[in-house]
1. In nm, to one decimal, how far is the modelled label at Cys66 from the one at Leu96, with both set 7 Å along Cα→Cβ?
2. Using the per-residue mean of other Cβ atoms lying within 10 Å as a proxy for protection, in what order, highest first, do the peptides 391-402, 204-215 fall?
3. Is it possible to state the helix-based mean residue ellipticity at 222 nm for the chain, with each DSSP H run of 4+ residues giving -39500 (n - 2.57), the sum divided by total residues, to the nearest 500 deg cm²/dmol? What is it?
4. Beyond 19 Å, what percent of the Cα pairs of segment 137-286 remain?
5. Taking 7 Å along the Cα-to-C-beta vector as the label spot, tell me the Glu326-Phe35 distance in nanometres, rounded to one decimal.
6. Tell me the carbon and sulfur percent of the accessible area for segment 191-257, rounded to whole percent, probe radius 1.4 Å.
7. Over the chain, with the other protein chains present, what is the accessible area per residue in square angstrom, probe 1.4 angstrom?
8. What does the charge count near Phe236 come to, summing +1 for each Lys or Arg and -1 for each Asp or Glu among other residues with Cβ under 11 Å from its Cβ?
Amino acid sequence: MDAGHQSPKLIFEEKKAITLFLWLFYIFYLTYSIFWYIIIPKYTTYGNAQYIKEGLGYWQYIIVLCFLPVSIYFYKKENPYIIKNFIFFGFILIDLIDNLLRYLGTARPFASGNIVELLFILFAPIFVNKKYFWTVSFGVVGKYSLLGIVLQDADVLPAIGTIIVLIAISYVLLIRFFSYIDSLSSAHEELRQKEKLAVIGQMAATIAHEIRNPLASLKGFAQLQQERFPESGTYFPIMIQEIDRIDMIVNDLMYIGKPKATQIEKTSMKEILSYTISIMEQQALAQDVVVETIFAEKIPLIDCDERHLKQVFINLLKNAIEAMPEGGIIKIIAQPLGDSKVVVTINDQGCGINNEDISKLMVPFYTTKKDGTGLGLVVTHQIIKEHNGELKLESDPGKGTKVTITLPISQKK
Ligand code: ADP
Ligand code: MG
């Protein structure tokens, strides 16, 4: 990751992680060395007093301590991302040289697993960075493998075994972090979407309310004029048709974020579908689109607001028809699903939707049509959700789209 593309908040998080890590690293490294190589051998028969006298000796400590001012420099330069890699590679390199100096050319068995490496692996998840995690894992395993090959010594194998176990543990932690972060950000995104809808809803409801009254009188007068001047041909019907279109858009707008009070009643899905198809037939025929229906003989009733569900199927049928400018067949299937649900699928042979665009469909005002509003699916989704149902869109670009709606059956006696 490059600090230049990170938000200050993330840089701050990285700084916290690297600070914690540097403290742990130096405290662990120095106390372990002082105890094991100096104090314990002095007072007991354990420990390893020889250690400091061989290999890089004290130089190892002096060089590793020099990493600290360099790290602080990067920290101050607001580039904390580099530090963890710098410390890791620096340390591994020094340790490798130290080990080679110690063992190369001697017949001594390898016995120098370094405890600090375990720290690198166990704490890798605090950086929440998969690349770094794998760098550390492969780096450490690679160092031991290299030593094993160069020194021709199989004694590195227990160290590698231990390290692999730790890598596995650390990996589980890292994956948990990532999954937690993912769900957190998707919850956040959902909330943002809801808030956006609420704001649009409020605004829309206010504006829509103001538009509807003048619209109603416009339509009334247009109809009146049409009756008075029937010889003026096609203009008045077009005017009335366009006013109806504005009215529909305003209706959609009023629905978003501010659902109307629902009147839930036991209703037949077949009736809703038949009604919707009869309304849309005109538009379908004009475009050479044929609507085929397959309804199961017995479809349980559902609890719903009939007007709203009709709106749902009008929106979906409209989309299907609009996706087939060259004509085609729309297949509508309605049937029970198990004994608690009803499922309706609407299959068209239209242009389909690209995979990457599917996620945008529920975003208000997303449309690919010249005179689309991008509200139809938003409203549809909202209505289905209010009915505790599910809406699923599957599409094969160029071949067609399948919309599946699942609704619970009526609970009323
Ligand atoms: P609008 O129809 O006003 O564009 P919608 O919310 O109904 O708004 O649809 C949003 C977009 O989703 C459409 O512009 C279209 O690109 C795509 N879409 C929806 N249904 C279909 C379908 N059956 N086939 C192909 N594309 C579709
Ligand atoms: Mg639409």
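1. 1.8
2. Numbers: 391-402: 16.0, 204-215: 14.4.
Per-residue mean Cβ counts within 10 Å order the peptides as 391-402, 204-215.
3. -20500 deg cm²/dmol
4. That fraction is 77 percent.
5. Simple spin-label model gives 7.8 nm for this pair.
6. Values: 2960 of 4610 Å².
Carbon with sulfur: 64 percent of the solvent-accessible area.
7. Here the residues of the chain average 58 Å² of exposed surface.
8. Neighbourhood net charge equals -1.
The values are calculated or read from the model by the stated rules, or taken from the named source; none is laboratory data. Nothing here was measured: the structure is a model prediction, and the numbers come from that model. When we count neighbours, we look across all protein chains shown, and the Cβ atoms used for this are built from the backbone with ideal geometry, even at glycine. Protein only, heavy atoms only, side chains kept; ligands, DNA and RNA dropped before computing areas. Shrake-Rupley method; radii C 1.70, N 1.55, O 1.52, S 1.80 Å.
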